[in-house]
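The structure appears below as structure tokens.
The values are calculated or read from the model by the stated rules, or taken from the named source; none is laboratory data. The shown structure was predicted, so the numbers you read here are calculated from the model rather than taken from an experiment. When we count neighbours, we look across all protein chains shown, and the Cβ atoms used for this are built from the backbone with ideal geometry, even at glycine.
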């Protein structure tokens, strides 16, 4: 096809889901003969000075007996390892990455590119106090006819009043739109009257065997895989209730080993990047998580798993994307606790719609 496509997505070096969906969409586009260039606007390889100072203070407080800060500090140590592993993953698996700041994208000549795709993940969720952030992810530095999205997500069901004008302007300027959640499609229609196509997260466009091609099988990983273990991956708090359920499930299934991805006592076993993440899910006897992408790979690898609601202020609405995914697979029994939604069993249709949409924007 000889087309050049800009992929504009979240590039947080501490977020494994970002890296996996980036790799998946790149891989799918390349399969159509497209040259893919990813823009990296994160532009840092380290935590801010203020954040590191805060963690240093917590470490000092732990040393004098304030144990309540231990979890936060261990998570910080784990995130440092994840960042380094993510950078290694990017260097090995992502091609043609251009580092550029949001504001500089509007000064660059992009005329050689045939198309720009914003997505996947929560690209249309304002994370920073940056006036250029939403215009960047709405691709306003490109001509309107070249602006598209794939599986873009908002992470909320209603626009924040402070940003509503930016969202409306951005959506009006898009040529073609697809969203990962139905709630996103509803927002687009409500505010700008456009029909957005609901599509799958790009990680679901690759098969289990395609993912196994990039699993990291170091010697330490093989030692872990020889054991019968449960895999825990929680981005929020693990409550006592959640722990009790996990322990009872382990006892019922005669499983003694636990691999908690964020437990620093296990950090000497393995690098903590995307390749190790999917390997640990693939070889687990049981998976417990509050993460969307951990749920994705539990489905792809046909694991026994249970998904919990995130116990973290501000993230309550994000469980909807997990419910939507499990409903599409008719697998709501994997949710811990009650859910009010009904199974839709429309995963195959969503997959076909996703492929058709990609072929539409690529003009195949």
For this session: Taking the options 246, 214, 223, 238, name whichever one is modelled with pLDDT under 95 and in a helix (DSSP H, G or I).
Result: 223
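Of the residues 62, 57, 82, which single one is touching a helix residue (DSSP H, G or I) at 6+ places or on another chain (Cβ under 9 Å), modelled with pLDDT of 70 or more, assigned to a helix (DSSP H, G or I) and surrounded by fewer than 21 Cβ atoms within 10 Å (Cβ to Cβ)? First the steps, then the outcome.
Details: 62 fails: modelled with pLDDT of 70 or more; 82 fails: surrounded by fewer than 21 Cβ atoms within 10 Å (Cβ to Cβ).
Only one candidate passes the filter, namely 57.
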Exercise. From the residues in segment 98-122 that are assigned to a loop (DSSP other than H, G, I, E, B) and under 20 Å from the mean Cα position of the chain (by Cα), which one is nearest to residue 321 (Cα to Cα)?
Worked result: 122
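Checking the structure you have, find out if any residue of segment 165-175 is under 14 Å from residue 122 (Cα atoms), assigned by TED's automatic domain parsing to the domain that holds residue 116, touching a residue at least 24 places away in the same chain (Cβ under 8 Å) and within 19 Å of the chain's Cα centre (by Cα).
To start, the set of residues in segment 165-175 that are under 14 Å from residue 122 (Cα atoms) comprises 167.
Still in the running and assigned by TED's automatic domain parsing to the domain that holds residue 116: 167.
When the remaining residues are screened for being touching a residue at least 24 places away in the same chain (Cβ under 8 Å), the result is 167.
If we keep only those that are within 19 Å of the chain's Cα centre (by Cα) as well, we get none.
Within segment 165-175, not a single residue is under 14 Å from residue 122 (Cα atoms), assigned by TED's automatic domain parsing to the domain that holds residue 116, touching a residue at least 24 places away in the same chain (Cβ under 8 Å) and within 19 Å of the chain's Cα centre (by Cα).
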Problem set entry | Residues that are farther than 14 Å from residue 154 by Cα and assigned to a loop (DSSP other than H, G, I, E, B), drawn from segment 187-198 | 193, 194, 195
Seminar exercise, completed: Residue hits (segment 106-122; in contact (Cβ under 8 Å) with a residue 24 or more places away in the chain and surrounded by fewer than 19 Cβ atoms within 10 Å (Cβ to Cβ)) are 106, 108, 110, 112, 113, 114
Seminar exercise, completed: Considering residues that are at pLDDT 90 or above, part of a loop (DSSP other than H, G, I, E, B) and closer than 20 Å to residue 202 by Cα, the number found within segment 249-294 is 2
Problem set entry | Matching residues in segment 123-163 - criterion: being crowded, with 17+ Cβ neighbours inside 10 Å, touching a helix residue (DSSP H, G or I) at 6+ places or on another chain (Cβ under 8 Å) and in a helix (DSSP H, G or I) | 134, 135, 136, 137
